[in-house]
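**Q** Sending over a structure as structure tokens; questions will come in a sec.
The values are calculated or read from the model by the stated rules, or taken from the named source; none is laboratory data. What you are looking at is a predicted structure, and each value in this text was computed from that prediction instead of being measured. Because the Cβ atoms are built from the backbone with ideal geometry, glycine has one as well, and the counts that use them run over all protein chains shown. The area values use the complete protein model at the heavy-atom level, side chains included, leaving out ligands, DNA and RNA. Shrake-Rupley method; radii C 1.70, N 1.55, O 1.52, S 1.80 Å.
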Amino acid sequence: MRHIISILMENEAGALSRVAGLFSARGYNIESLTVAPTEDITLSRMTLVTRGSDEIIEQITKQLNKLIDVVKLVDLAEGPHIEREMMLIKVKTPGAGAREEVTRLVEIFRGNIIDVTPTTYTIELTGHADKLDAFIVALDKAPILETVRSGVSAISRGTKSLHI
Amino acid sequence: MAFRVFPANDGAIEKESLDVKLTGAEILTRFLADEGVEYVFGYPGGAVLHIYDALHRQDRLKHILVRHEQAATHAADGYARSTGKPGVVLVTSGPGATNAITGIATAYMDSIPMVVITGQVPTNLIGNDAFQEVDSVGITRPCAKHNFLVKDVNDLAMVLKKAFYIATTGRPGPVVVDIPKDVTAEIAEYKYPRQIEMRSYNPVVKGHPGQIKRAVKMMAGARRPMIYSGGGVILDDASKALTELGHLLNCPVTNTTMGLGGFPASDRQFVGLLGMHGTYEANMAISNCDVMIAIGARFDDRVTGNIEKFAPRAKIIHVDIDPASISKNVKVDVPIVGGVNNVVKAMLKQLKADGFKPNEETLGKWWEQIEKWRAKDCLKYSTDGERIKPQHAVDLVHRITKGDAFVTSDVGQHQMWAAQYYGFDKPRRWINSGGLGTMGFGLPAAMGVQLAHPKAQVACITGEGSIQMNIQELSTCLQHCLPIKIVCLNNGYLGMVRQWQEFFYDKRYSHSYMDSLPDFVKLAEAYGHVGIQVDKPADVEGAIKETFKLKDRLVFLNILTDPEENVYPMVPAGAGLDEMILI
Ligand SMILES: Cc1cc2nc3c(=O)[nH]c(=O)nc-3n(C[C@H](O)[C@H](O)[C@H](O)COP(=O)(O)OP(=O)(O)OC[C@H]3O[C@@H](n4cnc5c(N)ncnc54)[C@H](O)[C@@H]3O)c2cc1C
Ligand SMILES: Cc1ncc(C[n+]2csc(CCOP(=O)(O)OP(=O)(O)O)c2C)c(N)n1
Ligand SMILES: [Mg+2]
């Protein structure tokens, strides 16, 4: 099953490599990983998407908790949560037809065109990872030059929060 | 680079705690002494020259100069295992640090508290492929409990305090502190940090009361209970509590290799080692018990054999301070996260409060069965032949040292024979590399043990293969007058490898023969020690007596043993514990 593990950790040099190292050393897979400091700059928030059986996920969370720099973590997939990913995508728009088509798609997917050249569009799109996937499929006709995805960020629904 | 000369050893810790300005190197040595460190095992080099200079100008810490950095880590490790106090290592950057890796990994696998200080190139050169630069923090990350790079001298004392705190609490382990050379020269105020608090690290030591109640209920209902205990009992100095629990439940007790001495080997309830080279009675009891109480043990694959066939009839209670050890390999029924002492004492209290009495009838039958297994006498060996039996040599060492020696060992058949035949009645007496299985561990570990216990008998039971992996330490032993007794069970083979080749590779002895061995007697003498050699069964007792009589000398006793002797019982890879190969 797919799990979204959200980690609050000390904002120390090397903290990220401890997590990445743990995953490679123990053969766990990482689908995506994002990290940035929180409102308290001594803390970083990391969102990690992984897959595995219940036993593997249990070991992953225990092993992550064991890292000295990890303050707290939660498996968001265990409860209601919201997840978002941001994508920047540059596509070739050779003619007016292509432009129109892409513009329409961007509207449908509620994205923004954030840069334009005579032959390209750059689009910003935010949403659930599935929506970004669907957008890429829908683009089908317009050749993609570049795709940049942020990886998943997620937060629990309701009043519950991950803080110290 | 300005040096400040500071009067060495200016008094007790109270006075030390006044704020003073010191160099990083002085902060380090002062801190270590204030922390109560006795010995630093190390080897100098460019990046740690300031530190060595500070060491020279103080006399509260004793430095033991080894002959190879790997030996420094094993010596600190032996010191830690035999005392419970953290071992301390000091090595230079680059090759000094890489040489220490094997010892750090060894300590990590066996959860041994250790603080390793590595020198580093100056901060402005880090990342430049500078002379003797290696990414020590990167290399040690997967084989240390934690590590630090100190970039500011003002952080040094606090980082060191954290290092000791992390190394010695929770599930213990080695912590590496990498200190760039410039940081050891810079000046800062020093005050010994007495308090430490870390929001991200708070190991649980008290067991959950509800879980303890559930466990106690399960014990009370057991018909065929069994205790399987490991290194956690030794690490938590909990053998008294464990022994009391064993006696109260009146159940069989087995120990892992790491747990030997946690329950007295001479006790009737002790059924010996379990696992790959465990006794018939221990492995059969595991396979047939209905309630297993696992205490401070981690269900290692050498212990469980085929996991599907492990303890198939048992409900399992597991006490461990590391949540990640629980249900990692074997799913358990009652997990209890906490320290052994705390949890077992709470169990005892609950059992007594409940007026617990063992069920004589069901236990009687259980013991009857166990005695039948025990009657197989799976550790028997014959002394009739022309060759010295290694098992006999270990039995004799036990008898002659009155079972009261500290025994270190290397890795191989001799290690298993030492574990099976020495019979440890006390904790912290059996010092071996279980998890990593590091050949070359025995002699340097014995140095640390002997330094910590100058009056005690310290034996290193080794093989002719292993001893050559850190033989250079004979020189360190001479320098520091360490009267270790090296008992080399010399079978002329990498015996454990040969045994596997005999069993599983049709006796194709690929590179397991130890050719061109040195004359160990002459070698010992060349290093300034005593060497003795025996090859006849009739002479072995006399030789061991003579060896241990030489109280203040290191003796290298080279015992030429039966080259094709095997370690029995043995559970072949993939088999269940009740499918042992017996002699
Ligand atoms: C050649 C060879 C053959 C071997 N054959 C065997 C064999 O036949 N049988 C055998 O048993 N071993 C054997 N070993 C050793 C084996 O590899 C393991 O090292 C050993 O079984 C692990 O012991 P343990 O489970 O007690 O764990 P340890 O490694 O000692 O781990 C201790 C456990 O206790 C926990 N702990 C630590 N502190 C505390 C505390 N304060 N409170 C509570 N819990 C705590 C830790 O979290 C950990 O889970 C062999 C090794 C070699 C090299
Ligand atoms: C550093 C290292 N290299 C290789 C091994 C693999 N190994 C395990 S036991 C063994 C043989 C040890 O030979 P010896 O010390 O003579 O002991 P014996 O088995 O003969 O008693 C070897 C090579 C190891 N454990 N450690
Ligand atoms: Mg040998």
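**Q** Return only the number of the condition from (1) within 14 Å of chain A (Cβ to nearest Cβ); (2) assigned to a loop (DSSP other than H, G, I, E, B) that residue B:335 does not satisfy.
**A** Condition (2) is where residue B:335 drops out.
**Q** Could you check the range A:1-52 and list, in sequence order, the residues that are away from chain B (no Cβ under 12 Å), part of a loop (DSSP other than H, G, I, E, B) and without any contact (Cβ under 8 Å) to a residue 24 or more places away in the chain?
**A** Those that are away from chain B (no Cβ under 12 Å), part of a loop (DSSP other than H, G, I, E, B) and without any contact (Cβ under 8 Å) to a residue 24 or more places away in the chain: A:27, A:29, A:30, A:39.
**Q** All but one of (1) out of contact with any strand residue (DSSP E or B) (no Cβ under 7 Å at 6 or more places or on another chain); (2) under 19 Å from residue B:289 (Cβ atoms) hold for residue B:336; state the number of the condition that does not hold.
**A** Just one mismatch for residue B:336, condition (1).
**Q** Here is a check on your reading of the model: is residue A:74 more than 14 Å from chain B (Cβ to nearest Cβ), touching a helix residue (DSSP H, G or I) at 6+ places or on another chain (Cβ under 8 Å) and of a type in the set (A, V, I, L, M, F, W, C)?
**A** Criteria not met by residue A:74.
**Q** Name the single residue, out of those in the range B:69-103 being among the β-branched types (Val, Ile, Thr) and open to solvent by 30 Å² or more (accessible area, probe 1.4 Å), that is nearest to residue B:428 (Cα to Cα).
**A** Per the criteria, the residue is B:83.
**Q** Still on this structure, please answer the following. Which of the residues that make up the range B:199-219 are closer than 26 Å to residue A:164 by Cβ and of a type in the set (A, V, I, L, M, F, W, C)?
**A** B:204, B:205, listed by residue number.
**Q** Just the residues that are more than 16 Å from ligand 3 (Cβ to nearest atom) and either in a strand (DSSP E or B) or surrounded by fewer than 24 Cβ atoms within 10 Å (Cβ to Cβ) (or both), please, taken from the range B:483-504.
**A** Result: B:483, B:485, B:503, B:504.
**Q** Being among the β-branched types (Val, Ile, Thr) and open to solvent by 10 Å² or more (accessible area, probe 1.4 Å) is the filter here; which residues of the range B:439-482 pass it?
**A** Hit for the range B:439-482 is B:471, nothing else.
**Q** Turning to a different aspect of this structure: Just checking, how many residues over the range B:1-56 are acidic (Asp, Glu) and at pLDDT 95 or above?
**A** 5
**Q** When the residues of the range B:194-235 are narrowed to those that are assigned to a loop (DSSP other than H, G, I, E, B), open to solvent by less than 20 Å² (accessible area, probe 1.4 Å) and away from every other protein chain (no Cβ under 14 Å), which ends up nearest to residue A:11 (Cα to Cα)?
**A** Step by step, filter the range B:194-235, then rank; the result is B:207.
**Q** Same structure again: Looking only at the range B:383-414, how many residues end up being among the β-branched types (Val, Ile, Thr), within 14 Å of residue B:484 (Cα to Cα) and within 16 Å of ligand 2 (Cβ to nearest atom)?
**A** Result for the range B:383-414: 3.
**Q** Going by the structure shown, is residue B:517 part of a strand (DSSP E or B), open to solvent by less than 70 Å² (accessible area, probe 1.4 Å), within 13 Å of ligand 2 (Cβ to nearest atom) and out of contact with any Cys (no Cβ under 8 Å at 6 or more places or on another chain)?
**A** no
**Q** Okay, next question. Is the range B:211-233 home to any residue that is at pLDDT below 95 and over 30 Å from residue B:122 (Cα atoms)?
**A** Within the range B:211-233 (the criterion being at pLDDT below 95 and over 30 Å from residue B:122 (Cα atoms)), the answer is no, since none of the residues qualifies.
**Q** Now a separate question. Take the residues in the range B:447-482 that are of a type in the set (S, T, N, Q) and within 16 Å of ligand 3 (Cβ to nearest atom), then tell me which one is farthest from the chain's Cα centre (by Cα).
**A** Looking at residues that are of a type in the set (S, T, N, Q) and within 16 Å of ligand 3 (Cβ to nearest atom), I get B:468.
**Q** Let me spell it out: the conditions are (1) within 16 Å of ligand 3 (Cβ to nearest atom); (2) free of Cβ contacts under 8 Å to residues at least 12 places away in the same chain; (3) over 30 Å from residue B:305 (Cα atoms), and residue B:556 meets all of them except one. Which number is the exception?
**A** Residue B:556 satisfies all of (1) within 16 Å of ligand 3 (Cβ to nearest atom); (2) free of Cβ contacts under 8 Å to residues at least 12 places away in the same chain; (3) over 30 Å from residue B:305 (Cα atoms) except (2).
**Q** Still on this structure, please answer the following. Being under 27 Å from residue A:24 (Cβ atoms) and surrounded by fewer than 17 Cβ atoms within 10 Å (Cβ to Cβ) is the requirement here; does residue B:173 meet it?
**A** Considered against the rule, which asks whether it is under 27 Å from residue A:24 (Cβ atoms) and surrounded by fewer than 17 Cβ atoms within 10 Å (Cβ to Cβ), residue B:173 comes out as no.
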